[in-house]
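Input: a single structure, listed below in C-alpha cells.
No lab work stands behind these numbers, since they all come straight from the coordinates. Computed from a prediction, not measured in an experiment: that's the story for all the values here. Positions of Cβ are backbone-derived with ideal geometry, glycine not excepted, and every protein chain shown enters the neighbour counts.
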C-alpha cells in the first residue's frame, strides 16, 4: 500500500498551500524531482546569452537581458557569470533568471567559492510574490570545488537571483559570480510523471479486481 500512497498524497494538498524543498546534493535533487532537464552550457557559444532552456530570460547587471558565457577552465569548461561591475575580478553583478513558462524546480553548481570567506546568495521568488533568501558556502579552501543548490516547489517559480558576497546575504558586486550545470523541471513537486500515473492506475485496477474476487468468494461461501 505504501508504494501507492506517495502518489495519492499529493492529490490531497490544500489548494493554495505551498510546499518547497531545498537541496544541497545533486543526487538527492535528481531522485526527488521529476522531469529534470540539464545543461552543462558546453553547447552555448562564448559571449552574451539570454536563455539556456528557452523558458527563461537571463539578466546580468550591465548586460541588458543577458549573462556572459565564459570558459572557466579548472575542469568545468563553460560557465555563466555575472557582468563585472567596475572592472575588478571581485566585483560581479548578480545573475537573474526570470521564467517565461511554468518552472517548478531549478538547480545549479556555484563555482569559485572559498571556505568561510565567500557566500553564494540565492533569492527565489515564487508566482504570487513569496520570496526566500538562501546562503550557500563551501567547506574547503579549493575555489574550483563546485557547491550545489537546488530548489523545488508545487508553486511555479517566478525568478531566481544569484550573487556572491563576502557575507551571507551581503551586497552584490563584492565577489566573482559563476554558475554551471543548470537544471530545471516543469513538473510540480509531488505530481508524478505520466509513466508513474500509468503504474498508479494499473495498481488501482489490480486492487479493484482483487476486491471483486474477494467479494465474489465471500458471497459464494
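Here are the numbers for the structure shown:
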item: Gain on full stretching of the segment that runs from residue 127 to residue 74 - 0.36 nm per residue minus C-alpha separation; result: 15.4 nm
item: Label-point separation, residue 40 to residue 22 (7 Å along Cα→Cβ), nm; result: 2.9 nm
item: Segment residue 98-residue 30, extension gain: residue separation times 0.36 nm, minus the distance between their alpha carbons; result: 22.3 nm
item: Nitroxide proxy distance, nm - points 7 Å out along Cα→Cβ at residue 171 and residue 137; result: 2.1 nm
